[in-house]
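**Student:** The structure's right below; bear with me while I get my questions together.
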Amino acid sequence: MYTEKVMDHFRNPRNMGEISDADGVGTVGNPVCGDLMTIYIKVKDNRLEDIKFKTFGCGSAIATSSMITELAKGKTLEEGLQITRANVADSLGGLPAVKMHCSNLAADALHAAIEDYYKKQKATREVKK
Amino acid sequence: MPNLSKEKRIYMDNAAGKPVDSQAVEAMLPYMKSSYGNPSSLHLFGQEAKRALEEARMKVAELIGAEKKDSVIFTSGATESNNLAIKGIAYRNKDRGTRILTSSVEHMSVVNPCKYLGTKGFETVFLSVDKYGFVDLESLEKELNDKTVLVTIVYANSEIGTIEPVKEISKRVHSKGAILHVDATAACGQIPISVKEEGIDLLTISSNDIYGPKGVGALYVGEGIRLEPLVHGGGQERGLRSGTENLPGIVGFGKAAEIAKRGLPSESKRLTKLRDRFIGGLLKPIPYSFLNGHPTLRLPDNVSVRYSFIEGESMLLSLGMMGVYASSGSACTAKTLEPSHVLLAIGLKHEEAHGSLMFTLGKQTTEEDVDYAISLMPSIVKRLREISPLTPKELPK
């Protein structure tokens with residue numbers, strides 16, 4: 001039911017882990033629904049210098065988390081915000097229909113992490129003022 | 001899904017489907033090739049078929065301790081048997097009452113007919129169960145009233161293995177004049193069942209669950225129990241299930257019943273030993289791991305466990321990569337995206353139900369298979385917990 005690409009990312013997830021001094025953190029999902037993912041980002045010169053994830057969920061939840069870190073790493077924040085759920089699924093060679101909504105949250109988690117970064121930046125600027 | 005362990009192919013999902021016993025396959029063949037008559041025909045071919053049909057009926061009756069072979073009605077499987085029992089009793093007795101009691105740990109082929117009847121003027125009460133999955137006898141007594149025509153309860157649950165106190169349930173049901181239907185799909189062939197001694201009015205049995213072919217089942221209908229048929233036609237099966245009988249399937253079912261009855265005491269003992277070895281091996285080395293269902297009052301084939309902080313499908317994929325094929329109550333393995341209603345009914349939180357893993361053993365399962373599966377779990381759980389953001393401090397109290 002899963003593509004080889006999905007299984008590859010499930011077996012060998014890229015960029016798995018946490019960033020203790022992350023510039024932005026995004027968490028989406030809920031263990032009640034069976035999927036919960038957190039994306040950590042490190043930003044330098046408006047680029048996603050480092051990105052890591054932690055995920056509770058099924059095979060596709062883990063694979064999509066891993067895939068988004070590959071897609072986003074090195075991109076500008078604006079480019080990161082433009083990565084969609086569909087981009088993630090396509091890069092994995094597709095996901096089973098039933099998984100498209102519930103376990104394809106990685107793009108949302110990345111966007112949440114970037115928003116979190118913007119919010120923190122704004123707060124820092126306001127403190128400096 | 002790739003199998004990285006080329007030499008291993010270990011099937012541990014016997015509740016979902018079983019191999020057909022080779023003696024049953026052999027027994028079936030003549031009824032496809034040479035004795036292909038219709039049991040309703042009066043000529044030689046028909047009589048040959050009729051004899052085989054009645055012999056199979058006798059063997060199934062013997063397996064469940066039924067006194068008369070004519071009390072066994074062949075169907076297309078457990079789903080049809082459950083539908084026939086529930087709707088057949090409800091329709092036939094609607095002048096007497098419209099209340100049906102069932103449990104909250106039933107198979108969907110009981111849940112959905114009951115819900116369907118709810119749209120047709122009947123009222124269904126889903127009785128609660130305790131943390132092991134035992135039906136609450138007090139609420140059964142409380143909910144039974146003059147309007148109750150049918151109580152339908154699973155003999156043993158296929159997901160968590162818990163064996164219900166059928167005799168106790170039967171006493172209470174009959175004291176109020178209601179009819180008891182028991183779904184013995186998972187239990188039959190694994191543990192001794194006697195419809196007579198246990199006071200069961202209707203009993204559902206499935207052929208494949210006792211190593212017979214798929215697409216065949218039976219409903220035991222006790223003496224004096226009247227049903228409304230669901231399928232009308234030529235009046236086969238005492239008019240309760242019209243249609244030319246699936247003779248090869250029924251003969252295979254009969255053979256499987258004969259083999260199951262003979263082998264039951266020793267196979268039940270063997271599986272129980274394997275089951276307990278398996279459960280111990282899955283839980284002892286891994287913290288935050290738990291058994292679902294009762295430790296001893298459970299089916300010999302059922303190993304249902306759960307691991308905190310991780311999800312069932314990802315465990316199944318990991319096991320599959322190593323050549324072990326099992327099942328999970330996680331929403332992520334279901335079409336509905338809801339975790340198993342059985343696991344929720346025994347009081348598990350959604351996130352706990354998601355972390356469940358179910359192995360069902362069979363005749364082909366060896367101690368070596370069990371030990372191999374046990375050996376895989378610690379590293380699978382460790383890896384998935386490393387990936388997971390959940391930790392013990394987030395555990396619900």
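What follows is calculated from the coordinates using simple rules that are stated; it is not laboratory data. Please read these numbers as outputs of a predicted model, since none were measured by experiment. For neighbour counting, all protein chains shown are included, and Cβ atoms are generated from backbone atoms with ideal geometry for every residue, glycine included.
**Student:** Go through the range B:218-250 and name the trypsin sites (Lys or Arg not before Pro) that are in a DSSP coil and have 13 or fewer other Cβ atoms within 10 Å of their Cβ. Let's see the in-between values first.
**Tutor:** Details: sites: B:Arg226, B:Arg238, B:Arg241; in loops: B:Arg226, B:Arg241.
Those satisfying the criteria are B:Arg226.
**Student:** Compute for chain B: radius of gyration divided by Kirkwood radius, i.e. Rg/Rh, restricted to C-alpha atoms, rounded to two decimals.
**Tutor:** Values: Rg = 21.8 Å, Rh = 22.0 Å.
Reported Rg/Rh (Cα atoms, Kirkwood Rh): 0.99.
**Student:** What order do you get for B:Tyr220, B:Tyr372 when you list them from fewest to most C-beta neighbours inside 10 Å? Write out the running numbers ahead of the final one.
**Tutor:** Values: B:Tyr220 27, B:Tyr372 16.
Going from least to most buried by this count: B:Tyr372, B:Tyr220.
**Student:** Sort A:Met7, A:Met100, B:Met315 so that the residue with the fewest other Cβ atoms within 10 Å of its own Cβ comes first and the one with the most comes last.
**Tutor:** Working: A:Met7 18, A:Met100 14, B:Met315 26.
Listed from fewest to most nearby Cβ atoms, that is A:Met100, A:Met7, B:Met315.
**Student:** Now, a different point. What's the ranking of B:46-56, B:65-75, A:105-115 by average number of surrounding C-beta atoms within 10 Å, highest first? Mind showing how you got there, number by number?
**Tutor:** Details: B:46-56: 18.6, B:65-75: 20.6, A:105-115: 23.5.
The packing order, highest mean first, is A:105-115, B:65-75, B:46-56.
**Student:** Could you give the angle, 0 to 90 degrees to the nearest 10, between helix B:44-63's Cα long axis and the longest principal axis of the Cα atoms of chain B?
**Tutor:** 50 degrees
**Student:** In the P(r) worked out for the protein assembly as shown, what percent of Cα pairs fall beyond 37 Å?
**Tutor:** Values: 55834 of 138075 pairs.
Above the 37 Å cut-off, the protein assembly as shown has 40 percent of its Cα pairs.
**Student:** Report Rg(Cα)/(2.2 N^0.38 Å) for the range A:18-89, keeping two decimals. If you can, show how the numbers build up before the last one.
**Tutor:** Working: Rg = 12.0 Å, N = 72, 2.2 N^0.38 = 11.2 Å.
Normalised Rg, Cα atoms only: 1.08.
**Student:** Can you tell me what share of the DSSP beta bridges in the range B:22-260 is antiparallel? A percent to the nearest 5 is fine. Each step should come with its number before you reach the end.
**Tutor:** Values: 11 of 29 bridges.
Within the range B:22-260, antiparallel bridges account for around 40 percent of the total.
**Student:** Let me know the charge dipole size of the protein assembly as shown about its Cα centre in debye, to the nearest 20, where only the beta-carbon of Lys, Arg (+1) and Asp, Glu (-1) is charged.
**Tutor:** Numbers: 67 positive and 64 negative charges, 63 e Å.
Using Cβ point charges on Lys, Arg, Asp and Glu, the protein assembly as shown gives about 300 debye.
**Student:** Next question, about the same structure. With n ≥ 4 as the cut-off for DSSP H runs, can you work out [θ] at 222 nm for chain B, using -39500 (n - 2.57) per run divided by the number of residues, rounded to the nearest 500? Could the numbers behind the result be given before it?
**Tutor:** On the way: 13 runs with 156 residues, N = 397.
Computed ellipticity for chain B at 222 nm equals -12000 deg cm²/dmol.
**Student:** Which of the aspartates and glutamates could a cross-linker bridge to A:Lys119, judged by Cα under 19 Å and excluding same-chain residues fewer than eight apart?
**Tutor:** Partners within reach: A:Asp21, A:Asp23, A:Asp45, A:Glu49, A:Asp50, A:Glu78, A:Glu79, A:Asp108.
**Student:** Work out the FRET efficiency for A:Ala97 and B:Arg51 from their Cβ-Cβ distance, taking R0 = 41 Å, and round it to the nearest 0.05. The partial results should precede the final answer.
**Tutor:** Values: r = 50 Å, r/R0 = 1.22.
My answer for the efficiency is 0.25.
**Student:** With a 10 Å cut-off between alpha carbons and a GNM built on chain B, which of B:Gly239, B:Gly77, B:Gly362 moves the most?
**Tutor:** Taking springs between Cα atoms under 10 Å, the residue moving most is B:Gly239.
**Student:** Loop only per DSSP, at most 11 neighbouring Cβ atoms within 10 Å: give me the GluC sites (Glu not before Pro) in the range B:300-391, ordered by residue number.
**Tutor:** Filter output for the range B:300-391: empty list.
**Student:** Quick one: A:Val88, A:Val25, B:Val216, fewest Cβ neighbours within 10 Å first, how do they rank?
**Tutor:** Numbers: A:Val88 25, A:Val25 17, B:Val216 29.
So the residues, fewest neighbours to most, are A:Val25, A:Val88, B:Val216.
**Student:** Between the range A:49-78 and the range B:274-346, how far is it from one alpha carbon centroid to the other, in angstrom?
**Tutor:** 28 Å
**Student:** Take the residue pairs A:Lys99/B:Lys18; A:Lys52/A:Lys128; B:Lys273/B:Lys382; B:Lys255/B:Lys349; B:Lys59/B:Lys142 and return only those whose Cα atoms are more than 32 Å apart.
**Tutor:** Numbers: A:Lys99/B:Lys18 28 Å; A:Lys52/A:Lys128 29 Å; B:Lys273/B:Lys382 27 Å; B:Lys255/B:Lys349 43 Å; B:Lys59/B:Lys142 38 Å.
Flagged as over cut-off: B:Lys255/B:Lys349; B:Lys59/B:Lys142.
**Student:** Just to confirm the filter: which GluC sites (Glu not before Pro) across the range B:221-295 are DSSP coil and have at most 16 other Cβ within 10 angstrom of their Cβ? Don't skip to the end; give the middle numbers.
**Tutor:** On the way: sites: B:Glu223, B:Glu237, B:Glu245, B:Glu258, B:Glu267; in loops: B:Glu223, B:Glu245.
Answer in residue order: B:Glu223.
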